[in-house]
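Engineer: The structure under discussion is supplied below as C-alpha cells; questions concerning it will follow.
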Amino acid sequence: MIDARRLLGDSAEALAARYLEKNGYRVLARQFKKTFGEIDLICQDGDEVVFIEVKSRSSSEYGYPEQAVTPVKIGHILKVGESYLNKHHLQDSPWRIDVVAIEYHTEPPTITHIQAIDIPEQYW
C-alpha cells in the first residue's frame, strides 16, 4: 500500500517536472536511485546538468519545504550525482544542485525554484 507521504512526493515531483519543462529544462531522469541515496529529478539546463531536490508541504506547520534540505541531504545528492555523471560519461560537464519547493496549502500551490544552492564547505 502506498502511503500518503509517498503520494504527495510523487505528485510534487510530477508538478516540478512540468514546471521545469515549461521553463526550458529537459528532464533526463526521475528518481535516480543508488544504495546511498536518490535524486528526485536530473535535468539539463543549457549545458549544465542539474540535480533537483523536490520538497513539498501540505501545511505550514513544519516551515518551508526548502528548509528540509539539510547538509546531510546535500551530501547524498553529491554522492548520487557523481555516480550519475560517471555512469553517463559526463564528469567534465558543469553541474549544480537546485531545489524546487512546493507548498500545497495555498491555492494554487506555490512553487519556489532555488537555483544553484550553496554546498556546505565540508563537501569541498
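Engineer: In degrees from 0 to 90, rounded to the nearest 10, what is the angle of the helix 71-87 Cα long axis to the longest principal axis of the chain?
Structural biologist: Computed tilt is about 50 degrees.
Engineer: Given a Förster radius of 22 Å and the C-beta distance between residue 22 and residue 96 as r, what FRET efficiency does 1/(1 + (r/R0)^6) yield to the nearest 0.05?
Structural biologist: On the way: r = 19 Å, r/R0 = 0.88.
Efficiency for this residue pair is about 0.70.
Engineer: Taking R0 as 25 Å, what FRET efficiency do you get between residue 110 and residue 6 from their Cβ-Cβ distance, rounded to the nearest 0.05?
Structural biologist: Details: r = 21 Å, r/R0 = 0.86.
The calculated FRET efficiency here is 0.70.
Engineer: Fewest first, what order do 55, 22, 79 take by the number of other Cβ atoms within 10 Å? Could you put the intermediate results ahead of the total?
Structural biologist: Working: 55 21, 22 8, 79 14.
Taking fewest neighbouring Cβ atoms as first place, the list is 22, 79, 55.
Engineer: Let me ask another. What residue among 13, 82, 66 shows peak mean-square fluctuation when the chain is described by a Gaussian network model with Cα springs under 10 Å?
Structural biologist: 82
Engineer: What distance in nm separates the simple spin-label points at residue 48 and residue 60, each placed 7 Å from Cα in the Cβ direction?
Structural biologist: Calculated label separation equals 3.0 nm.
Engineer: Here is a follow-up. Run a plain Debye calculation on the chain (Cα atoms as equal point scatterers, no solvent) and give log10 I(q)/I(0) at q = 0.11, 0.15, 0.19, 0.20 Å⁻¹, rounded to two decimals, same order as the q list.
Structural biologist: Each listed q maps to, in turn, -0.36, -0.68, -1.08, -1.19.
Engineer: For the modelled label position 7 Å from the Cα of residue 82 along Cα-to-Cβ, which residues of segment 1-39 have backbone nitrogen atoms closer than 19 Å?
Structural biologist: Flagged as within label range: 32-39.
Where a number appears in this text, it was derived from the coordinates with a stated rule and is not lab data. Being a predicted model, the structure only gives us computed values, none of them experimental. All Cβ positions, even for glycine, are placed from backbone atoms using ideal geometry, and neighbour counts span all protein chains on display.
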